[in-house]
Amino acid sequence: MKCPKCSNSISPLRLWIKVRAYPFIKCSKCGARLVRKWDLKLLISIALAAGVLVLLSKGLSPFLAFVLIAVIMIIDGFSCKLKEV
């Protein structure tokens, strides 16, 4: 994904680490404060993760639940959109 202000590349791993701990991330090139845009892809990712947790309570293997949630997070990290605050 890219910064909407300067088109600097931002890694999905950095997004997952920073956005989970802080309400925004700063672009390392232009210093713009960026937040995650709420869109259909994010809502689908949340719904899928919640579905996996429900299946976990119904007897799904914990390892398989971990793998499914990791795949959802990876796909979401590469497909999310950022906007400037």
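Every number in this text was worked out from the coordinates using simple rules, so none of it is lab data. All values reported here derive from a predicted model rather than from experimental measurement. Using ideal geometry, Cβ is built from the backbone for each residue, glycine included, and neighbour counts are taken over all protein chains shown.
A straight Cα-to-Cα reach below 29 Å connects LYS5 with the lysines LYS18, LYS26, LYS29, LYS37, LYS41, LYS81, LYS83, residues fewer than 8 places away in its own chain not being considered. Cysteines of the chain lacking any other cysteine Cβ under 4.7 Å from their own Cβ: CYS80. Structural descriptor for the chain: relative contact order 40 percent, calculated from alpha carbon pairs under 8 angstrom and at least 6 residues apart. From its DSSP helices (H runs of at least four residues, each -39,500 (n - 2.57)), the chain gives a residue-normalised ellipticity at 222 nm of -18000 deg cm²/dmol. Angle, helix 40-57 long axis vs. longest principal axis of the chain, Cα atoms, 0 to 90°, nearest 10? Roughly 30 degrees, rounded to the nearest 10.
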